[in-house]
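In what follows, a single structure is set out as structure tokens and then discussed.
Read-outs: derived from the displayed coordinates by stated rules, not from any lab. Computed from a predicted structure; not experimentally measured. Note: ideal-geometry Cβ built from the backbone for every residue, glycine included; neighbour counts use all protein chains shown.
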């Protein structure tokens, strides 16, 4: 396959993944999207998120965990499974069978 075709295919696939993710995120409550954005979009620590939002640090961790689980479930129901691994698994660079 010519390189240009591969690049176009990769670009189209990435655009589709962003669309899928956007749809899944839109199904989450605004408060959960905000915590995800602060954690993953802005790189805030749990302590920083707690400070900014007024939510206790332990609750931030719990909400983020549950939100990631819910988001993964929404994506799976939509048929999107590529790259859905737990954060711990992602750090170890493992994959699901």
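Note down the nm distance, to one decimal, between modelled labels 7 Å out along Cα→Cβ at residue 48 and at residue 61.
1.8 nm
Once both labels are modelled 7 Å past Cα along the beta-carbon direction, what's the residue 72-residue 17 spacing in nm?
1.7 nm
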